[in-house]
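Participant: Okay, here's the structure, questions in a sec.
The values are calculated or read from the model by the stated rules, or taken from the named source; none is laboratory data. Computed from a prediction, not measured in an experiment: that's the story for all the values here. Reconstructed Cβ throughout: ideal geometry from the backbone, glycine too, with neighbour counts over all protein chains shown. The protein model used for the area step is the full one, side chains on, heavy atoms only, and it has no ligands, DNA or RNA in it. Shrake-Rupley method; radii C 1.70, N 1.55, O 1.52, S 1.80 Å.
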Amino acid sequence: MRIQLIEVGECAVTRQPDLVLETCLGSCVAVALYDSGAGTAGLLHVLLPRMRSVSMETKVTKFADPGVRILVEKMEEAGARRDRMSARLAGGASLLEAAGGFDLFQIGTRNAETAREMLGGLSIPVVSAETGGHVGRVLRFHVGTGRVTVRVIGQKERDL
Amino acid sequence: MARVPLETLLARVERIRPLPGVARRVVALVEDDAASVDKIQAEILKDQVITARLLKLCNSAYYGFPRKIGAVSEAVVLLGFNAVRSLVLSLGLKEIIQAPLEGYSMAAGELWRHSLACALIARRIAQISGYADAERAYTAGLLHDIGKVALDQFVRAEFGEIVGRAGSGEKAFSQAEQEILGFDHCQVGKMLLEHWRLPAALVEAVSLHHRPSEAVLDPRLAALTHAADGLTLMAGFGLGADGLAYKIDPAALEKLGLDTEKIETLLGTVPDLVGGGLRAYED
Ligand SMILES: [Fe+2]
Ligand SMILES: [Fe+2]
């Protein structure tokens, strides 16, 4: 088992069965896509919900929109079929107290919502999700089996 | 209850592998009004490893200087005293914080990733919010969690109980440390930095990075360190046990003039800013 760290804003697609993709999530949301028929796994680490301006961006996969669409396209290029894809989501924690003028500032929640919207628009079902709360999470995606686990510090790793 | 006696803790602080001599001397020198390019260069040149790494960093794509920097003195002139201090301190710190911290559920190298990310974000916040000494902000970010290195073994011994209190998400990890051990990593960081004779405002920012509203010497520096730590965790860099139930104090953001839009823009720069920084420091 080899572990590959997926950094913030990255998008990775692979069919290597011995690989485990790992990513660490605060308010970010991980979108794990799997096509069991093709054995293709894709992982996106979303930092922000939507791109505000096109011009300056170097890494558009850090946004749920258009990141999710790019992830799906990459999956298709690697031989996956959209009608066989299923999605799992994790992350989107909130690190801000709901106080002062910051009530609306819920980046984590908006990340998760936007990712869901994008997936819905592409007719990809979300089969499992663990989002929100106030805790950081580590997600692992076992490419060979499609198994996805989530771990909160001090707790046992759980299947997602 | 397993409160750690102060003497035990102080002994532990003194046994922490010290910053390399060159880092300590350059820090002291830059604080000193008599600093000069020659003096700083002379100190750096005493350490061949740091000299080589410093030049490699300055010539990396991350810094992107248009021409090759061949001598330490050139780097000092181009970057300025404070930025060179930041580089030398970072290189020195990287050496001593690589070990895994089991008590904080941090794998090898994770505290380094967290610290460098926080430093780079702190510097960026300083620039955005008009805090004059961006390199001091960087340094506070770099050192904010250093107390974990000394407190780790004690936290490890009581991990179950500490996480039991913090894990539900209602109580910050540092508060649980405080309740069970009698110390948290912020206070221990303060001891360590005082032991290293770093400036008082910096010590304050580190010791109050989870409670910035209590700062009196330099409240903005403490606010900045706190905000940078929070954004670092939001982006997922070095999520250890400290990432449990972390809450950013909105008053700190207000003090820095950071609103939702500014924060989103700042977060958007993190992949390049921190990803590039981490790569530049790779051996
Ligand atoms: Fe901390
Ligand atoms: Fe921290």
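Participant: A:Phe141: net charge of surrounding residues, Cβ under 12 Å, Lys/Arg +1, Asp/Glu -1, itself excluded? Don't skip to the answer; put the middle values down first.
Facilitator: Details: positive: A:Arg88, A:Arg140, A:Arg147; negative: A:Glu22, A:Asp159.
Around A:Phe141, the surrounding residues sum to +1.
Participant: A further question on this structure: Restricting to lysine pairs 8 or more places apart or on different chains, what number in chain B have Cα atoms under 16 Å apart?
Facilitator: On the way: B:Lys56/B:Lys68; B:Lys56/B:Lys94; B:Lys94/B:Lys148; B:Lys148/B:Lys190; B:Lys171/B:Lys247.
For chain B, qualifying lysine pairs total 5.
Participant: Looking at chain B as a GNM with Cα springs under 10 Å, which of B:Gly109, B:Gly238, B:Gly147 has the largest mean-square fluctuation?
Facilitator: B:Gly109
Participant: For every other residue with a beta carbon closer than 9 angstrom to the beta carbon of A:Glu130, add +1 if it is Lys or Arg and -1 if Asp or Glu, then tell me the sum. Numbers along the way, then the final one.
Facilitator: Working: positive: A:Arg88, A:Arg137, A:Arg158; negative: none.
Combined, the nearby Lys, Arg, Asp and Glu give +3.
Participant: Measuring from label point to label point, each 7 Å out along Cα→Cβ, what is the B:Ser36 to B:His195 span in nm?
Facilitator: With each label point 7 Å from Cα toward Cβ, the separation is 3.5 nm.
Participant: Enter the accessible area per residue of chain A (Å², integer; probe 1.4 Å; all protein chains in place).
Facilitator: 42 Å²
Participant: Can you show me the helix-derived [θ] at 222 nm for chain B, built from DSSP H runs with n ≥ 4 at -39,500 (n - 2.57) apiece and divided by the number of residues, rounded to the nearest 500. Display every interim value, and only then the final one.
Facilitator: Working: 16 runs with 186 residues, N = 283.
Helix contribution divided over all residues of chain B: -20000 deg cm²/dmol.
Participant: Now a separate question. Any idea how far the Cα center of region B:142-221 sits from the one of region A:2-18, in Å?
Facilitator: Between the Cα centres of region B:142-221 and region A:2-18 lies a distance of 34 Å.
Participant: With every protein chain left in place, what is the accessible area per residue of region B:1-124 in square angstrom, probe 1.4 Å?
Facilitator: Details: 5760 Å² over 124 residues.
Value returned for region B:1-124: 46 Å² of accessible area per residue.
Participant: Enumerate the calculated ³J(HN,Hα) couplings along region B:119-127 in order (Karplus 6.51 cos²θ - 1.76 cosθ + 1.60, θ = phi - 60°), each rounded to whole Hz, writing x wherever the residue is Gly or Pro.
Facilitator: Using θ = phi - 60°, the values come out as 4, 5, 5, 4, 4, 5, 4, 4, 5 Hz.
Participant: Just to confirm my numbers, what's the Cα centroid distance between region A:121-160 and region B:33-108 in Å?
Facilitator: Between the Cα centres of region A:121-160 and region B:33-108 lies a distance of 39 Å.
Participant: Right, something else. For region B:95-175, state what percent of all Cα-Cα pairs lands in each successive 5 Å bin, counting from 0 Å until the bin that includes the largest distance.
Facilitator: Computed distribution, short to long bins: 3, 15, 19, 18, 17, 14, 9, 4, 1.
Participant: In degrees, nearest 10, range 0 to 90: what is the angle between the Cα axis of helix B:48-58 and the longest Cα principal axis of chain B?
Facilitator: 80 degrees
Participant: Quick check: at a probe of 1.4 Å, how many percent of the accessible area of region A:2-159 sits on carbon and sulfur atoms?
Facilitator: Details: 3130 of 6520 Å².
Carbon with sulfur: 48 percent of the solvent-accessible area.
Participant: Suppose only helical runs count, i.e. DSSP H with n ≥ 4. What mean residue ellipticity at 222 nm does that imply for chain A under -39500 (n - 2.57) per run, divided by all residues and rounded to the nearest 500 deg cm²/dmol?
Facilitator: Details: 2 runs with 29 residues, N = 160.
My calculation for chain A gives -6000 deg cm²/dmol from helical runs alone.
Participant: Name the residues of region A:38-53, by number, that are at least 30 Å² less accessible with every protein chain in place than in the isolated chain; the surface is that of heavy atoms, probe 1.4 Å, without ligands or nucleic acids.
Facilitator: A:Leu47, A:Leu48, A:Arg52
Participant: Need one number: buried accessible surface between chains A and B, 1.4 Å probe, both sides summed, DNA, RNA and ligands left out, in Å² to 100. Spell out each step's value before the answer.
Facilitator: Values: alone 8130 and 12160 Å², together 17460 Å².
Looking at A and B, the buried total is near 2800 Å².
Participant: Can you bin region A:2-159 into rounded, prolate or oblate? Criterion: square roots of the alpha carbon gyration tensor eigenvalues sorted a ≥ b ≥ c, rounded for a/c under 1.5, prolate for a/b above b/c, oblate for the rest. All intermediate terms of the calculation are to be shown ahead of the outcome.
Facilitator: Details: a/c = 1.84, a/b = 1.29, b/c = 1.42.
Judged from the Cα gyration tensor, region A:2-159 comes out oblate (a/c at least 1.5, b/c at or above a/b).
Participant: I need the Debye-formula profile for the protein assembly as shown: one equal scatterer per C-alpha, no solvent, reported as log10 I(q)/I(0) at q = 0.08 1/Å, two decimals.
Facilitator: -0.45
Participant: Quick one: what are the phi-derived ³J(HN,Hα) couplings along region B:203-217, Karplus 6.51/-1.76/1.60 with θ = phi - 60°, whole Hz, x for glycine and proline?
Facilitator: Once rounded to whole Hz, the list reads 4, 4, 4, 5, 6, 10, 5, 9, 9, x, 5, 8, 5, 10, 5.
Participant: If you put +1 on each Lys and Arg Cβ and -1 on each Asp and Glu Cβ, how big is the dipole of region A:2-159 around its Cα centre, in Debye rounded to 20?
Facilitator: Details: 20 positive and 18 negative charges, 46 e Å.
Dipole of region A:2-159, to the nearest 20 debye: 220 debye.
Participant: Moving on to the next point. Net charge near A:Glu76: determine it from the other residues with C-beta under 14 Å of the C-beta of A:Glu76, scoring Lys and Arg +1 and Asp and Glu -1.
Facilitator: Working: positive: A:Arg15, A:Arg69, A:Lys74, A:Arg81, A:Arg82, A:Arg84; negative: A:Asp35, A:Glu73, A:Glu77, A:Asp83.
Net charge around A:Glu76: +2.
Participant: Between B:Arg123, B:Arg24, B:Arg67, find the one with the highest GNM mean-square fluctuation for chain B; connect C-alpha pairs within less than 10 Å.
Facilitator: Highest fluctuation of the listed residues: B:Arg67.
Participant: Would you kindly state how much longer the chain becomes between B:Thr260 and B:Leu6 on full extension, computed as 0.36 nm times their sequence separation minus their alpha carbon distance, in nm to one decimal?
Facilitator: On the way: separation 254, 0.36 × 254 = 91.44 nm, distance 4.18 nm.
Extending this stretch completely gives an extra 87.3 nm.
Participant: Can you list the HN-Hα couplings for region A:106-117, worked out from phi with the Karplus curve (6.51, -1.76, 1.60; θ = phi - 60°), rounded to whole Hz and with x for Gly and Pro?
Facilitator: 10, 4, x, 4, 5, 4, 5, 4, 5, 4, 4, 4
Participant: While we're here: Taking amide H positions as placed in the peptide plane 1.01 Å from N, state which residues far from A:Ala93 in sequence (5 or more) or on other chains have amide H under 5 Å from it.
Facilitator: Amide H neighbours of A:Ala93: A:Ser27, A:Cys28, A:Gly132.
Participant: Is region B:154-283 best put as rounded, prolate or oblate by its Cα gyration tensor, with a ≥ b ≥ c the root eigenvalues, rounded for a/c under 1.5, and otherwise prolate when a/b is larger than b/c, oblate when not?
Facilitator: Judged from the Cα gyration tensor, region B:154-283 comes out rounded (a/c under 1.5).
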